[in-house]
């Protein structure tokens, strides 16, 4: 052990090696120093633990090549594309909505060149970034006005801060939701400077509960769409129209935190629990907040739509600057919204909606094609089986979508190890494990993904 430790060279010594000098020329001196320190540290730990094998030839080309490969691996981007074969269409861990080609092109145009982000081309004077997509949002939702911030949580904070700061907000106990990352609605209300007043019970809240709780210091009735859970059985909640009438009669503001937000009716595809934004505003809700990167199918954004006088109040709020949407997201959102206009069909042009609405035979055909590709490559056992896909992103938790998955196992390789190997593929392939086999759900996979999946398995199973 001690003799091996004494054989470990100093970093300075290695830096003068001709082979290492070539790596420094190809990379940078600091990268080589960091890589050498890391490698020598790991060798020292292995030696002390009694696990060290024969030491490498530190002056040889093979060692230098391995060091170069380690540096190149460390240079790889941390944020990169993956293949989503989980069957969860809006997967929060995997970046939520895929963007349409038109949205990507808009980001490229605006990002690669100067843009009229805050310039009015008609007048030549300073403009507002919020004007670029407002008319589109109003057209698609029926809102009088709209405002865009960086995400839906920010939209809720701004909305409450601008309408109820220092005053009370009435909300049903059954709607005090917690979203991903342990962010709870009561905490969001507190951060806005408003005071939460809970009414009703977890499973039942009536219109009378709201009416009885209204006092002089109440400013807002808050409704939250329970998109990430369901309470079933002995339940009750007032209709939006009744809440809207109560708010109007008592000179209050009715706000709804929709969370996800859809612009078209998805009930023909068995997804009936997600209300359409336009219908919510028609019911009399004053402000509705929803996300851009969930069922709308665009980039991360928080959209506030509703009464023009309240939107104007929020536009003037000093917090807005801290929450404003960036130019790339704004470009992608505008391009996505335009795909909802005729003659475009959003069900075919927007990836999220296309995955939701794709006919089951098409999904099965993709599964059969991938299964054939993997079978021809060899090295794994493959079959096609019915599956259940999900919307994800906190939307419609109890509603699944019929799908098909390719079920794969590799002899002598446990499913967990196979999943790990696929996560280290280029690009990584993310599926799910069921009964000891890897399932690759084809509802969230595109035709272009198939050769990438096949290449990943080929790398895993190659001798």
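A short reminder: the numbers here are calculations on the coordinates, not readings from a lab. Fair warning: this is a prediction, and the values are worked out from it, not measured in the lab. Glycine gets a Cβ as well: all are built from the backbone with ideal geometry, and neighbour counts include every protein chain shown.
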Exercise for the section: Relative to the longest principal axis of the C-alpha atoms of the chain, give the angle of the C-alpha long axis of helix 360-377, reported between 0 and 90° and rounded to the nearest 10°. Expected result: 10 degrees
Handout entry: Three semi-axes of the equivalent ellipsoid, region 313-463, Cα gyration tensor, whole Å, largest first
Key = 36, 19, 15
Practice task
Can you check how the C-alpha radius of gyration of region 1-135 compares to 2.2 N^0.38 Å, as a plain ratio?
Solution key: 1.81
Exercise for the section: Determine Rg/Rh for region 55-209; Rg is computed over alpha-carbon atoms and Rh is the Kirkwood hydrodynamic estimate from the same atoms. Expected result: 1.16
Problem - Cα-based helix-to-principal-axis angle, 61-75 vs the chain, degrees rounded to 10 - result: 0 degrees
Completion exercise
Helix 327-338 sits off the longest principal axis of the Cα atoms of the chain, rounded to the nearest 10 on a 0 to 90 degree scale, by 60 degrees
Exercise for the section: Starting from the exponent 0.38 and prefactor 2.2 Å, build the expected Rg for region 141-184 from its residue count and divide its actual Cα Rg by it. Expected result: 1.36
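What Kirkwood hydrodynamic radius do you get for region 2-75 when you take the inverse of the mean 1/r over all pairs of distinct Cα atoms, in Å? Walk me through the numbers before you get to the answer.
Numbers: mean 1/r = 0.0795 Å⁻¹.
After inverting the pairwise mean of 1/r, the radius is 12.6 Å.
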Handout entry: Dimensionless Rg over Rh [region 382-463; C-alpha; Kirkwood]
Key = 0.98
Handout entry: Per-peptide average of other Cβ atoms within 10 Å, ordering 348-358, 188-198, 286-296 highest first
Key = 286-296, 348-358, 188-198
Practice task
Grab every C-alpha pair in region 101-345, bin the distances at 10 angstrom width from 0 up to the longest one, and report whole percents.
Solution key: 7, 32, 36, 18, 6, 1, 0
Handout entry: Radius ratio Rg over Rh of region 413-458, counting only Cα atoms, Kirkwood formula for Rh
Key = 0.94
Problem - P(r) weight above 24 Å for region 119-224, C-alpha pairs, percent - result: 40 percent
Exercise for the section: Once every Cα of region 75-132 carries one equal point scatterer and solvent is ignored, give the base-10 log of I(q)/I(0) from the Debye formula at q = 0.16, 0.21, 0.30 Å⁻¹, two decimals. Expected result: -0.75, -0.94, -1.18
Practice task
Determine the relative contact order of the chain: mean sequence separation of Cα pairs under 8 Å and six or more apart, normalised by residue count, in whole percent.
Solution key: 19 percent
Exercise for the section: Measure off 7 Å from each Cα along the Cα-to-Cβ vector at residue 328 and residue 420, then give the distance between these two points in nanometres to one decimal. Expected result: 3.3 nm
Fill in the blank from the handout: residue 62 and residue 402 label points (each 7 Å along its Cα→Cβ direction) are spaced in nm at 5.8 nm
Handout entry: Protection-proxy order for peptides 106-116, 215-225, each taking the mean of Cβ atoms within 10 Å per residue, highest first
Key = 215-225, 106-116
Handout entry: Relative intensity, log₁₀ I(q)/I(0), of the chain from a Debye sum that treats every alpha carbon as a point, q = 0.07, 0.08, 0.11, 0.13 Å⁻¹
Key = -0.51, -0.64, -0.98, -1.15
Fill in the blank from the handout: Per-residue ellipticity at 222 nm attributable to helices in the chain (runs of n ≥ 4 DSSP H, -39500 (n - 2.57) apiece, nearest 500 deg cm²/dmol) works out to -12500 deg cm²/dmol
